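The values are calculated or read from the model by the stated rules, or taken from the named source; none is laboratory data. For clarity, every value in this text was computed on a predicted model and none was experimentally measured. Glycine also receives a Cβ, built like all others from the backbone with ideal geometry; neighbour counts cover every protein chain displayed.
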Amino acid sequence: MVVKYVVSGGVAFGADFLTFVFLRQVGIILLIANPLARLIGAITAFLLNRHWTFRRDSPKAWWREALAYSLLWIFSTLLSTLVLRQLALWLPPTMEPISKLITEGGIVVINYFCSRHLVFKG
């Protein structure tokens, strides 16, 4: 299950990271670009984790899982954006993609345990 989570997370992170870099390149501010990019990654991750990683196909559980996942996404997006913003203040702009990698690397650990035990439990 951990391997599937890592693969799903890698695909979702790729979507998130590429969207973030693109948005920043076209001039979208960090405080908008990060949540938008994380939303793209979150939709990807939710669908992969629900149907492949944790094999949760029950229609009854969908709304509860979607709500729990949304709350987890809000928390982790706020945390990610705050950390990323702080790193942007400390580091040169050329380090922003590296800051995103570092920030999301920490978030993924928190999200795995929350997803496993709170979102896709059962």
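What do you reckon, is residue 52 within 15 Å of residue 111 (Cβ to Cβ), among the aromatic types (Phe, Trp, Tyr) and either at pLDDT below 95 or surrounded by 13 or more Cβ atoms within 10 Å (Cβ to Cβ) (or both)? It is false that residue 52 is within 15 Å of residue 111 (Cβ to Cβ), among the aromatic types (Phe, Trp, Tyr) and either at pLDDT below 95 or surrounded by 13 or more Cβ atoms within 10 Å (Cβ to Cβ) (or both). Taking the stretch 4-19 as the range and being buried (at least 17 other Cβ atoms within 10 Å of the Cβ) and either outside any helix (DSSP H, G or I) or without any contact (Cβ under 8 Å) to a residue 24 or more places away in the chain (or both) as the test, only 19 passes. More than 14 Å from residue 111 (Cα to Cα) and outside any helix (DSSP H, G or I): is that true of residue 24 in this structure? No; evaluated as a whole, the condition is false for this residue.
Please go through the stretch 27-76 and give me each residue that is touching an Asp or Glu at 6+ places or on another chain (Cβ under 7 Å), of a type in the set (D, E, K, R) and assigned to a helix (DSSP H, G or I), ordered by number.
Let us first name the residues in the stretch 27-76 that are touching an Asp or Glu at 6+ places or on another chain (Cβ under 7 Å), namely 37-38, 40-41, 50-51, 56.
Retained after the next criterion (residues that are of a type in the set (D, E, K, R)): 38, 50, 56.
Result: 38, 50.
Scan the stretch 84-97 for residues that are more than 21 Å from residue 45 (Cα to Cα), of a type outside the set (Gly, Ala, Ser) and part of a helix (DSSP H, G or I) and jot them down. Break it down stepwise before answering.
First, the residues of the stretch 84-97 that are more than 21 Å from residue 45 (Cα to Cα): 85-96.
If we keep only those that are of a type outside the set (Gly, Ala, Ser) too, we end up with 85-87, 89-96.
Hits for the stretch 84-97 are 85, 86, 87, 89, 90, 93, 94, 95, 96.
Across the stretch 83-116, the number of residues qualifying as closer than 20 Å to residue 66 by Cα and within 13 Å of the chain's Cα centre (by Cα) comes to 8. Taken together, 28, 40, 102, 98 contain a single residue that is of a type in the set (Val, Ile, Thr), modelled with pLDDT of 90 or more and touching a helix residue (DSSP H, G or I) at 6+ places or on another chain (Cβ under 6 Å), which is 40.
Can you confirm whether residue 101 is in contact (Cβ under 8 Å) with a residue 60 or more places away in the chain and loosely packed, with under 13 Cβ neighbours inside 10 Å?
Numbers: in contact (Cβ under 8 Å) with a residue 60 or more places away in the chain: yes; loosely packed, with under 13 Cβ neighbours inside 10 Å: yes.
Yes; evaluated as a whole, the condition is true for this residue.
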